[in-house]
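A short write-up of the structure that comes next.
The values are calculated or read from the model by the stated rules, or taken from the named source; none is laboratory data. Owing to the predicted nature of the structure, the values given are computational and were not obtained by experimental measurement. Cβ coordinates were reconstructed from backbone atoms using ideal geometry, including for glycine residues, and neighbour counts include every protein chain displayed.
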Amino acid sequence: MVFFLIALVATISLRAVNVVLDFHTGTAKALWYVGVCGFTVFFIYKYRKDSVVQRELKDRQLVRKFLHRDPLTDADYEVIGTILCGLHSKKDRINYFFIFFSSALALIAALIVDLR
């Protein structure tokens, strides 16, 4: 949950930079740093999490077992269940929505400020 919130704050911060830049450059810089640092922390977390999943798939040879319809162990089912639960998570969808929504708002705000 912490990394999800970090990603949301980073998303909003980076999208707000252009809007705030015209009014207060110091705040825009602070937002940029918060956004970039937040995304750095978030993507390190995601990379490590995905690396664990990839390692489990490789070590347990789950892809080969599936393709050859080999029997699965209880531990194999546990790994598969963990992966499926992660794919079913609402957090990623919410994060994608905020990225899209805040990007659209930032684009509209930037166009309004630039076209004045």
When you check Arg15 against the structure, is it at pLDDT 90 or above and either loosely packed, with under 13 Cβ neighbours inside 10 Å or at negative phi (or both), yes or no? no
Looking at Ser51, Ser13, which one is touching a Gly at 6+ places or on another chain (Cβ under 7 Å) and among the hydroxyl-bearing types (Ser, Thr, Tyr)? Ser13
If I ask for residues that are of a type in the set (D, E, K, R), in contact (Cβ under 8 Å) with a residue 40 or more places away in the chain and in a helix (DSSP H, G or I), which ones from the stretch 1-33 would you list? Arg15
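Rundown of residues vs (1) farther than 17 Å from Ala10 by Cβ; (2) at pLDDT 85 or above; (3) of a type in the set (D, E, K, R), yes/no style:
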| residue | (1), (2), (3) |
| --- | --- |
| Glu56 | yes, yes, yes |
| Gln61 | yes, yes, no |
| Arg69 | yes, yes, yes |
| Leu72 | yes, yes, no |
| Ser89 | yes, no, no |
| Asp92 | no, no, yes |
| Ile99 | no, no, no |
| Arg116 | yes, no, yes |
